[in-house]
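Novice: After the structure tokens below, expect a handful of questions from me.
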Amino acid sequence: MPAARVEYIAPWWVAWLHSVPHLGLRLQPVDSTFRPRDESYQESLLFLGLVAAIGLGLNLVLLAAYLVCVCGCRRDDAAQTKRPRSCCVTWTAVVAALICCAAVGAGFYGNSEANDGVYQLLYALDNANHTFSGIDVLVSGTTQKMKVDLEQHLARLGEIFAARGDYLQTLKFLQQTAGSIIVQMAGVPVWTEVTEELTELADQTSFVEYYRWLSYLLLFVLDLVLFLLACLGLAKRSRCLLASTLCCGVLALLLSWTSLAADAAAAVGTSDLCAAPDTFILNITEGQVRPEVTRYYLYCSQSASSPFQQKDLLGIQLLLNSSESGLHQLTALLDCRGLHKDYLDALTGICYDGLEGLLYLGLFSLLAALAFSIMICLGPGAWKHCATRDRDYDDIDDDDPFNPQARRIATHSPPRGQLHSFCSYSSGLGSQGSLHPAQTVSNAPVSEYMNQAALFGGNPRYENVPLIGRGSPPPTYSPSMRATYLSVADEHLRRYGNEFPG
């Protein structure tokens with residue numbers, strides 16, 4: 001019992017995409033039949049790309065208007081609100097990152113499905129090419145045997161049995177049979193041109209698919225890296241990193257809308273092909289292959305008769321044993337089931353997996369555009385969020401050792417020990433005029449400071465105010481300063497010593 005014939009049934013998304021209005025650049029209706037070489041049909045696909053370009057323009061205009069309004073409102077409210085809504089900024093950034101991750105996930109799945117569908121198409125084209133090449137080889141080989149080899153054998157037998165009339169009648173019948181085989185072989189179409197076109201189509205498709213898959217893969221990586229840098233900039237409150245990420249986000253937004261335009265045009269064009277693939281195949285093979293032969297392979301109906309009269313071929317096989325093997329192979333290759341299976345595999349790959357992958361890639365483009373739009377809208381809030389740390393430091397004393405801003409300034413300024421103090425002296429010249437305030441500081445004997453100074457080594461340091469009552473070691477004094485301090489001490493002893501005798 002023969003196996004049930006597998007029919008092609010277009011999925012629901014083919015009918016949905018095929019119903020998209022096809023309009024030219026002048027907004028005139030265009031027939032939705034798949035005609036890739038027709039200029040009006042090409043304009044209808046280009047119009048879909050222009051619609052995506054209009055969407056990009058509206059997106060940019062809305063973003064610009066939002067940024068202008070937000071910046072103007074925040075300038076007016078700067079005196080009322082000291083801190084920005086950092087919590088809102090953070091959660092909105094989290095939502096945008098989740099949308100981006102969902103977009104990249106859908107993109108990875110769609111890219112893989114589209115790649116699988118295209119390679120299934122290439123596999124079917126390769127099998128069909130192999131079948132066509134085998135048919136051409138067998139036809140040419142069998143025709144060569146009939147014309148040359150069999151004719152030579154029949155000529156020799158005619159010379160041998162020239163005196164036997166009955167044998168000559170048999171040889172003449174064999175010669176007529178060989179002629180009928182050659183005529184039937186001539187009726188088999190030559191698939192050389194079809195094979196060349198299929199080979200060129202397979203090579204171009206493989207080339208385009210490789211770079212399409214690689215381009216989308218790089219776009220996925222770019223989106224993830226940009227959102228990672230944006231989150232890092234928010235966490236670090238780095239204005240430089242955030243500004244760079246926002247600029248790259250605008251570029252990623254442009255790439256998302258561009259990929260959406262390409263996906264839309266490719267998906268609608270593929271759906272037009274999948275809606276009526278038989279019509280397209282009949283149109284492109286017209287003039288190269290007979291229509292009945294094309295229909296025989298496209299529909300492969302069990303009730304339809306073969307255009308190659310395979311029953312005659314089977315009868316000839318019994319008469320010509322030398323060509324039996326080749327005719328068996330030719331009969332199998334000419335059967336419609338093999339090529340029809342390749343045809344169905346190609347349609348399944350391009351209309352199911354391929355078109356489904358394009359739909360997911362379109363979803364990726366939309367979600368990525370939404371995510372980057374949200375990220376750009378967060379720009380003013382994130383910028384103000386990054387400025388809160390510097391503004392909070394303005395309320396802290398610069399001398400506070402725990403102020404990071406003061407520590408940053410200290411790293412760029414020289415230490416105080418290396419600067420000459422206003423009250424420091426390298427010699428005793430000119431220092432006596434500034435020693436009068438020292439008389440009111442303390443009346444402790446100077447010898448105490450001199451003895452303490454002898455206990456501490458190091459470079460000499462001259463100051464005009466003695467360190468009285470402190471726990472730090474006293475400085476070393478110059479000779480003129482020492483004489484002044486001794487005279488001041490003797491005067492105090494004479495003044496107060498008489499009042500309080502021992």
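The values are calculated or read from the model by the stated rules, or taken from the named source; none is laboratory data. For clarity, every value in this text was computed on a predicted model and none was experimentally measured. Every residue, glycine as well, gets a Cβ built from its backbone with ideal geometry; the counts of neighbours run over all protein chains shown. For accessibility, only protein heavy atoms count, side chains too; no ligands or nucleic acids. Shrake-Rupley method; radii C 1.70, N 1.55, O 1.52, S 1.80 Å.
Novice: Could you tell me which residue of the range 151-195 is surrounded by the fewest Cβ atoms within 10 Å (Cβ to Cβ), considering only residues that are assigned to a helix (DSSP H, G or I) and basic (Lys, Arg)? Let's see the steps before the verdict.
Specialist: First, the residues of the range 151-195 that are assigned to a helix (DSSP H, G or I): 151-160, 165-187, 192-195.
Narrowing the set further to residues that are basic (Lys, Arg) leaves 156, 172.
On the way: ARG156: 10, LYS172: 12.
The extreme case among them is ARG156.
Novice: Looking at the range 268-286, which of its residues are closer than 19 Å to GLU197 by Cα and of a type in the set (A, V, I, L, M, F, W, C)?
Specialist: LEU273, PHE280, ILE281, LEU282, ILE284
Novice: Moving on to the next point. Take the residues in the range 382-395 that are out of contact with any Ser or Thr (no Cβ under 8 Å at 6 or more places or on another chain) and modelled with pLDDT of 60 or more, then tell me which one is least open to solvent (accessible area, probe 1.4 Å).
Specialist: ALA382
Novice: Take LEU355 and decide whether it is assigned to a helix (DSSP H, G or I), touching a helix residue (DSSP H, G or I) at 6+ places or on another chain (Cβ under 7 Å) and either at pLDDT below 70 or open to solvent by 60 Å² or more (accessible area, probe 1.4 Å) (or both).
Specialist: no
Novice: Would you check which residues across the range 224-267 are surrounded by 21 or more Cβ atoms within 10 Å (Cβ to Cβ) and among the β-branched types (Val, Ile, Thr) and list them?
Specialist: Within the range 224-267, THR245 is the sole residue that qualifies.
Novice: Right, next: Looking only at residues that are closer than 18 Å to ALA128 by Cα and open to solvent by 70 Å² or more (accessible area, probe 1.4 Å) in the range 293-307, which one is farthest from the chain's Cα centre (by Cα)?
Specialist: So, considering only residues that are closer than 18 Å to ALA128 by Cα and open to solvent by 70 Å² or more (accessible area, probe 1.4 Å), the one farthest from the chain's Cα centre (by Cα) is ARG295.
Okay, residues lined up against (1) in a helix (DSSP H, G or I); (2) surrounded by fewer than 14 Cβ atoms within 10 Å (Cβ to Cβ):
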position: GLU7; (1), (2): no, yes
position: ARG26; (1), (2): no, yes
position: SER32; (1), (2): no, no
position: LEU63; (1), (2): yes, no
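Novice: If you check LYS172, LYS236, which single one turns out to be farther than 30 Å from ASP116 by Cβ, under 60 Å from the mean Cα position of the chain (by Cα) and free of Cβ contacts under 8 Å to residues at least 24 places away in the same chain?
Specialist: Testing whether each residue is farther than 30 Å from ASP116 by Cβ, under 60 Å from the mean Cα position of the chain (by Cα) and free of Cβ contacts under 8 Å to residues at least 24 places away in the same chain leaves just LYS236.
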